[in-house]
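Q: Dropping the structure in here first, questions after.
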Amino acid sequence: MKLVIKIGTSTIAHESGRLNIRRTEEICKIISDLKNAGLEIIMVSSGAIGMGVGKLSLSERPKDMPTKQAAAAVGQSELMYVYDRQFSEYNHTVAQILITAADIASEDRYQNFTNTLNRLLELGAIPIINENDTIATEEITIGDNDTLAAIVTTSAKADLLVLMSDIDGLFTKDPHQDAEARLIENVYELNDDIMALGGGEGSSLGTGGMRTKLEAARICTEAGCDMIIMNGAKPELLYDVAEGKPVGTRFHAKEKA
Ligand code: GLU
């Protein structure tokens, strides 16, 4: 099974932007274990800007582009340092790939990207992908890592995309505001009623919210891959995902590829 796991900023960083050490250690341990069990894993990790905010001791996520990009430059290396150290403990090798929308739009560059991705998997490394935030400006940005993860999933012809978020899945209403809200376990069709549930905002440090996750679901399911939204605060659920057990919300592919 080939799995793309997207980790949101809220999953690996505290509100301050500083690393959530316990969480990150758990995630890296479980992913290492799943890899040892034979799964092919690609990660898409957010957190560059968030961790840059923490490292530079900025009071909030920057709004202007140069500071955002500076924070990403600081945070991205911190992010990879953390992953490298954690995965090394379990004898796994990480590989950083940073891309922009322009790379995906260009046939040659896109081909290079997929070739490298496949080769890294053959070599047994764990590709860790993020948008190249230091050079992706508003006009050429993919914008959020939910969309990026969906693009990566289809490019790698993966079986499943797992979005680790700060919520258990897709709810019938906003669970932070409405006690009646129920988790939707399976989505077979991204109809207007489902898409209308994507109104919520994301976290203060990350970019995406439910809307970008539903857009990602559209990209995946149309390409024949399933997608799951699960709570990143419960990384042990990844074992259930690997065993095909129900976790969070599963968006079913229109036709399995
Ligand atoms: N690329 C951004 C970062 O690493 C995250 C984008 C997102 O949160 O979706 O900070």
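Q: When the helices in the chain are scored as -39500 (n - 2.57) per DSSP H run of 4 or longer and the sum is shared across all residues, what 222 nm value do you end up with, to the nearest 500 deg cm²/dmol?
A: -12500 deg cm²/dmol, from helical runs alone.
Q: Another question, if that's okay. How large is the accessible surface of M1 in square angstrom, using a 1.4 angstrom probe and rounding to the nearest 10?
A: Surface accessible to solvent at M1 totals approximately 100 Å².
Q: Multiply the residue gap between K245 and D33 by 0.36 nm, knock off their C-alpha separation, and tell me the result in nm, one decimal place. Walk me through the numbers on the way to the answer.
A: Details: separation 212, 0.36 × 212 = 76.32 nm, distance 1.75 nm.
Here the answer is 74.6 nm.
Q: Roughly how many Å is it from the Cα centre of segment 78-132 to that of segment 34-72, as a whole number?
A: That distance is 14 Å.
Q: Just by accessible area at a 1.4 angstrom probe, what is the order of K234, K6 from largest to smallest?
A: Largest to smallest exposure gives the sequence K234, K6.
Q: Each label point is 7 Å from the Cα along the Cα-to-Cβ direction; what then is the distance between the points at K2 and K63, in nm?
A: A separation of 4.2 nm, rounded to one decimal place.
Q: Follow-up question, since we're still on this one. Out of the chymotrypsin sites (Phe, Trp or Tyr not before Pro) in segment 16-117, which ones are loop residues according to DSSP with at most 16 other C-beta atoms within 10 Å?
A: Those satisfying the criteria are Y90.
Q: Let me ask another. I want the local charge near V247. Using Cβ-Cβ distances under 11 Å, sum +1 for each Lys or Arg and -1 for each Asp or Glu among the other residues.
A: Neighbourhood net charge equals -2.
Q: Here is a follow-up. Work from the charge dipole of the chain (Cβ charges, +1 for Lys and Arg, -1 for Asp and Glu, about the Cα centre) and give the residue of A196, F251, L58 farthest towards its positive end.
A: L58
Q: Per the 1.4 Å probe, what fraction of the accessible area of segment 140-183, in percent, lies on carbon and sulfur atoms?
A: Carbon and sulfur together cover 46 percent of it.
Q: State in Å² the accessible area per residue of the chain; use a 1.4 Å probe, count heavy atoms of protein chains only, and round to the nearest integer.
A: 47
Q: Loop-only check: which trypsin sites (Lys or Arg not before Pro) in segment 20-101 are DSSP coil with at most 11 other Cβ within 10 angstrom?
A: Those satisfying the criteria are K63.
The values are calculated or read from the model by the stated rules, or taken from the named source; none is laboratory data. These figures come from a predicted structure and were not determined experimentally. FYI the Cβ positions are ideal-geometry reconstructions off the backbone, even for glycines, and counts take in every protein chain you see. These area figures cover heavy atoms from the full protein model, side chains too; ligands, DNA and RNA do not enter into them. Shrake-Rupley method; radii C 1.70, N 1.55, O 1.52, S 1.80 Å.
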